[in-house]
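Everything below concerns the one structure shown next.
What follows draws every value from the coordinates through simple rules; no lab data is involved. Please read all numbers here as calculations on a predicted model, not as lab measurements. Cβ sites come from the backbone with ideal geometry, for glycine too, and all protein chains shown count toward neighbours.
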Amino acid sequence: MVLLAAFALNSCGYRFSGDRDPVIHVKTVHIPPLKNTTTKVGIETLFTNDLIFEVNRPGVSEVVDRPGAEAVLEGVIRDLRTGSVSRRNITTTLERRVSVSVDLLLKDRRGKVLWKSSLSDSEEYTVLSDKTSTEGNLRRALAVVSRRLAEKFHYRFTASF
C-alpha cells in the first residue's frame, strides 16, 4: 500500500514549487546606505544593515564594494507613519502601530534596472507614560519591521516563481 501511494504521488506530477534558485543571477551586490525621506533620523542605518545581512546569507549573493559589484541595490525609506491601535480613553493611547514603506531598485553596472519593488510592513508597540520608554518601544518595533522587510526582499529576490 505504501509503495502504491509513493508511486501515485510521484506520477501525479506533484512537487514543491519555489526551488529557491534566484530569478536574477547576481553573485556580487553593492548596497549603499538607503536614503531616508522620513523624519525619523538614523533608521537608514538599521534598514541598510538588515538588507546587507539578508543578501550575505549563504548561497545567494555577496555584498562587496562598488567596483567589484555586478549590481547595485539602492533604496529609499519612503514613508513612516504611526497611528493609534488601542486607547484607554479619547486622550490616552495604549498601543500604536508603526508602518514603513521602502522602495528598492537593483541595477546592473550599466544602470539597467534588473529588479524593483515597493515593500511595506508594520508593527505595534506599547505607549507608556514615560516618553523615553515609549521611544525605546518604537525603536524595537522599527527593528522588527526592518528585519521583516529585509526578509521580504530576500524572498522576492530569490523566488523562482
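The alpha-carbon of K40 sits under 17 angstrom from the alpha-carbons of these lysines, leaving out residues fewer than 8 places away in its chain: K131. Computed from the C-beta positions of S129 and E74, the FRET efficiency with R₀ = 35 Å rounds to 0.30.
Between the beta carbons of E151 and W115, assuming R0 = 22 Å, the FRET efficiency works out to 0.85 to the nearest 0.05.
Each other residue within a Cβ distance under 11 Å of S120 adds +1 if Lys or Arg and -1 if Asp or Glu, for a net charge of +1.
Calculate the spin-label point distance for S86 paired with L105, positioning each point 7 Å from the Cα along the beta-carbon direction, and give it in nanometres. Label-label distance for L105 and S86, simple model: 4.2 nm. Distances between placed amide hydrogens fall under 5 Å for N36 paired with I77, all partners being 5 or more residues away or on another chain. Between the amide H of A69 and any residue lying 5 or more places away or on another chain, no distance stays under 5 Å, with hydrogens modeled in the peptide plane. Taking every alpha-carbon pair under 8 Å whose residues sit at least 6 apart, region 17-156 reaches a relative contact order of 22 percent.
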